[in-house]
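For reference, the structure discussed in these notes is given below.
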Amino acid sequence: MKRSVKLAMASGLTLLIFIVFDGCKEPAKKDMEAAEENIVEAAKNLGKATKQTQEEIKTEIAADWERFKSESKIAIDNIETEIELLREKLTTVGKKRGEELRVRLDSLGQKSKKLKEKLVEHNRIIEKDLVEFGGTIQEKQEKFQREFQHDMEELGDALKSLFKDNPDQKH
């Protein structure tokens, strides 16, 4: 988006200069001054447009991050609740199978904790990047969100499959 604004402004500026210089074989001093003023004004407008575009992008990134962070926290809380409910179900399975499931639940609990820590750490990075506002923040955020979502899906799938096909489970 930023490049397209700059490109449009540069194209307009180039066209303006071409029209001014091509229209007259011997440009008058007055026309030259007007052209210079137009160039200065166009440069100012380009600077304003660039700054406004950067602020819009920054605001959009911050809003997207807050939404993602909120949704992720809810998903992690739901997974932790599900882990606790599954721990309660362990009383309905045999001793050997129960111990095996307890170990798997502990592992899934650790993965959930790591995802929570990963979210907090990335939040620090995003906040710092928003203050410094580098051009790569959007790519970094999108990559993190894809990876984090994948990890969450894996954790959810592991939880769903935990009690499937369990012959020792009492109903």
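Calculate the spin-label point distance for ILE39 paired with ASN78, positioning each point 7 Å from the Cα along the beta-carbon direction, and give it in nanometres.
Calculated label separation equals 6.0 nm.
Per the Kirkwood definition applied to all pairs of different Cα atoms, how many angstroms is the hydrodynamic radius of the range 70-161? Each step should come with its number before you reach the end.
Values: mean 1/r = 0.0677 Å⁻¹.
Answer for the range 70-161: a Kirkwood hydrodynamic radius of 14.8 Å.
GLU60 to LYS114: FRET efficiency via 1/(1 + (r/R0)^6), r the Cβ-Cβ distance, R0 30 Å, to the nearest 0.05? Could you put the intermediate results ahead of the total?
Values: r = 29 Å, r/R0 = 0.96.
Efficiency, from the Cβ-Cβ distance: 0.55.
Would you mind checking the pairs LYS73/LYS96; LYS69/LYS160; LYS69/LYS164; LYS58/LYS111 and listing those with alpha carbons more than 28 angstrom apart?
Numbers: LYS73/LYS96 34 Å; LYS69/LYS160 23 Å; LYS69/LYS164 31 Å; LYS58/LYS111 31 Å.
LYS73/LYS96; LYS69/LYS164; LYS58/LYS111, as the Cα separations exceed 28 Å there.
Whole-Hz Karplus ³J(HN,Hα) for the range 95-108, in order, using 6.51 cos²θ - 1.76 cosθ + 1.60 and θ = phi - 60°, x for Gly and Pro?
After applying 6.51 cos²θ - 1.76 cosθ + 1.60, I find 4, 5, 5, x, 5, 4, 5, 4, 5, 5, 5, 4, 5, 5 Hz.
Throughout, read-outs are computed from the coordinates displayed, never taken from laboratory work. Here the structure is a predicted model, which means the values were calculated and not measured. A quick note on method: Cβ atoms are made from the backbone with ideal geometry, for glycine too, and the neighbour counts reach across all protein chains shown.
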